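For reference, the structure discussed in these notes is given below.
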């Protein structure tokens with residue numbers, strides 16, 4: 001949540017900061033601000049709303065500076081407003097930006113007010129900047145003042161700090177919230193995400209937990225959580241600037257839906273050549289760890305949790321391995337029994353999801369044989385802190401509603417199922433059958449994407465609706481959950497999903513002509529039972545929208561609209577059937593005029609509780 005950009009150079013950095021904020025706006029868009037330092041001191045500009053408003057204001061005021069910090073906000077403490085926007089200042093010569101949540105801010109605020117500090121905002125962040133100001137007044141240099149304050153903070157934070165008395169320094173701290181340093185020529189930068197800095201550099205240092213850095217135009221000094229000087233590796237980003245641009249598409253989400261065939265192809269490349277090579281995708285330690293696996297525990301949030309739910313069906317059906325799936329925010333706060341031989345699997349697009357990371361860090365039981373991260377970002381905390389890693393290779397995903405990250409996660413999870421299954425005696429002939437299906441997957445996703453126009457037409461029926469019910473049976477139930485999540489995220493239509501067999505246990509009470517019911521109907525062993533469930537809906541006057549395999553013989557009739565899907569092998573059907581539900585949600589949101597890429601109250605990376 002929230003986005004930080006900072007820069008220090010021998011030139012004006014205003015455009016670097018504003019461009020970086022635009023590329024980070026998916027992380028928060030309630031308000032934005034910039035603080036720039038030149039020989040005359042610090043100038044701050046803030047605006048409620050999106051970065052475009054800040055850009056206009058900065059241009060009108062002609063603000064410049066050779067050192068600066070900037071921020072785009074997703075509100076936690078305090079409503080969206082200019083007063084609550086970052087950067088926050090103290091004493092007129094100190095400015096600070098912050099991602100995260102300070103849990104003990106109220107006690108610290110009480111102490112500061114008693115010491116005579118006055119607060120201009122409702123945020124927890126203002127506490128930090130006043131604490132730094134207080135430490136500076138006690139004679140500490142900026143780096144030491146920030147270090148002393150960090151020891152008092154409880155919670156998660158990433159900080160960027162500048163001070164007029166040390167104009168050629170930028171201080172950065174990372175504790176529980178990601179922060180990266182970008183390396184330039186006679187200039188350096190910080191950001192919450194390397195995507196913000198791709199226009200100016202492709203060389204990065206990823207700060208580790210507890211790191212504090214002093215950044216100048218000449219170099220970087222880093223100390224670790226214990227205050228000892230630390231060396232951190234330099235990584236070169238191999239993506240392109242265009243990866244994070246919309247190009248010909250109207251929205252990032254639309255672009256990312258249509259990128260799925262290519263993203264899945266990249267995820268599969270060199271990983272499914274044969275049953276023998278499957279395990280190589282998980283790292284050198286995988287053979288020894290996989291041989292010990294007796295059960296799997298999957299922990300994730302949101303869309304990634306739905307991917308885990310699909311994997312549970314696959315693991316138990318194909319590999320014969322018991323599996324539990326739990327929402328990370330619940331898992332981390334309860335006592336749980338860990339069966340012997342448990343593989344702990346986390347799933348996250350960003351690899352910085354706060355609850356998932358916290359769950360990973362609470363895996364001390366000796367009954368865990370290993371920890372596997374399925375993730376899209378190779379430099380993320382989740383990846384660095386796991387023994388095993390499967391990178392999904394989806395490329396940058398900017399739209400808040402996840403699309404290609406989800407389908408590549410499913411692809412990786414199916415490869416995991418086959419790799420584990422082989423260690424447990426699954427026949428190579430059975431594995432080859434699924435591998436052949438996976439090789440068809442990019443083409444089948446492309447065929448599903450080609451239904452875009454019919455789905456756009458179908459979406460008109462949802463524009464004036466306030467509620468929608470999604471149904472699926474078996475492994476398609478999590479797909480229905482994901483479809484409902486997408487619709488509510490970006491169109492603001494209340495949507496829920498149920499196993500179709502549960503209709504008689506409550507949801508039928510809601511069904512009427514004003515409640516569209518969306519069903520996914522692949523040609524599998526549960527098809528006939530699903531058809532019976534759909535008849536129950538029609539008998540109550542419900543309007544059905546069915547995404548059905550063309551060989552499933554689901555016919556259109558009054559109140560039943562059918563969109564025929566390509567014939568899809570049963571195992572990979574959950575991946576393919578996800579695509580039309582993404583397109584449906586997208587077109588409904590466009591027709592309703594919502595902000596597709598940046599839906600209200602949401603942000604892309606949930607790095608706070």
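Over region 1-118, calculate the relative contact order: mean separation of alpha carbon pairs under 8 Å at least 6 apart, over the residue count, as a percent.
Relative contact order comes out at 31 percent.
Highest mean packing comes first when the peptides 343-349, 263-269 are listed by Cβ atoms within 10 Å, giving 343-349, 263-269.
With N denoting the number of residues in region 252-426, provide Rg(C-alpha) divided by 2.2 N^0.38 Å, to two decimal places.
This ratio for region 252-426 stands at 0.96.
For a quick check: sort 66, 390 by the number of other beta carbons within 10 angstrom, fewest at the front.
66, 390
Using a cutoff of 8 angstrom between alpha carbon atoms and counting only pairs six or more residues apart, the relative contact order for the chain works out to 12 percent. For region 449-598, the relative contact order works out to 30 percent when only alpha carbon pairs closer than 8 Å and six or more residues apart are counted. By the Cα gyration tensor, the chain has an equivalent ellipsoid whose semi-axes, rounded to whole angstrom, run 45, 28, 22 from largest to smallest.
Going from the fewest other Cβ atoms within 10 Å to the most, the residues 73, 44, 250 appear in the order 250, 44, 73.
Each peptide among 74-82, 179-187 gets the average number of other Cβ atoms lying within 10 Å of its residues, and from highest to lowest they stand as 179-187, 74-82.
Would you kindly state how much longer the chain becomes between residue 514 and residue 138 on full extension, computed as 0.36 nm times their sequence separation minus their alpha carbon distance, in nm to one decimal? Please list the in-between numbers first.
Working: separation 376, 0.36 × 376 = 135.36 nm, distance 6.60 nm.
Once the chain is fully extended between residue 514 and residue 138, it gains 128.8 nm.
Efficiency by 1/(1 + (r/R0)^6): what FRET value for residue 236 and residue 265, r their Cβ-Cβ distance, R0 = 22 Å, to the nearest 0.05? The pair residue 236/residue 265 has a calculated efficiency of 0.40. P(r) for region 449-598, from all Cα pairs and a bin width of 5 Å, is 2, 10, 22, 25, 22, 13, 5, 1 %, short bins first. Summing -39500 (n - 2.57) over the DSSP H runs of n ≥ 4 in the chain and dividing by its residue number, what mean residue ellipticity at 222 nm do you reach, to the nearest 500 deg cm²/dmol? The helix contribution divided over the chain gives -10000 deg cm²/dmol.
Take the Cα of residue 430, step 7 Å toward its Cβ, do the same at residue 536, and the gap between the two points is 3.2 nm.
With a cut-off of 19 Å, note down the residues of region 491-523 whose backbone N falls inside the zone around a label point 7 Å from the Cα of residue 600 toward its beta carbon. It comes to 491-496, nothing else.
Full-extension gain between residue 226 and residue 59, please, as 0.36 nm times their residue separation minus the C-alpha to C-alpha distance. Don't skip to the answer; put the middle values down first.
Values: separation 167, 0.36 × 167 = 60.12 nm, distance 4.22 nm.
Length gained, residue 226 through residue 59: 55.9 nm.
Of the beta bridges in the chain, as assigned by DSSP with both residues counted there, near 60 percent are antiparallel. Ordering 208-219, 567-578 by mean Cβ neighbour count within 10 Å, with the highest value first, yields 567-578, 208-219.
Over the C-alpha trace of region 3-236, radius of gyration and Dmax come out as 15.9, 48 angstrom.
Per the Debye formula on identical point scatterers at the alpha carbon atoms of region 432-485, with no solvent, log10 I(q)/I(0) at q = 0.19, 0.29 Å⁻¹ is -0.94, -1.07.
Computed from the coordinates by the stated procedures, all read-outs in this text should not be read as laboratory data. Values in this document were obtained by computation on a predicted structure and should not be read as measured data. Positions of Cβ are generated from backbone atoms using ideal geometry, with glycine treated the same way; all protein chains shown enter the neighbour counts.
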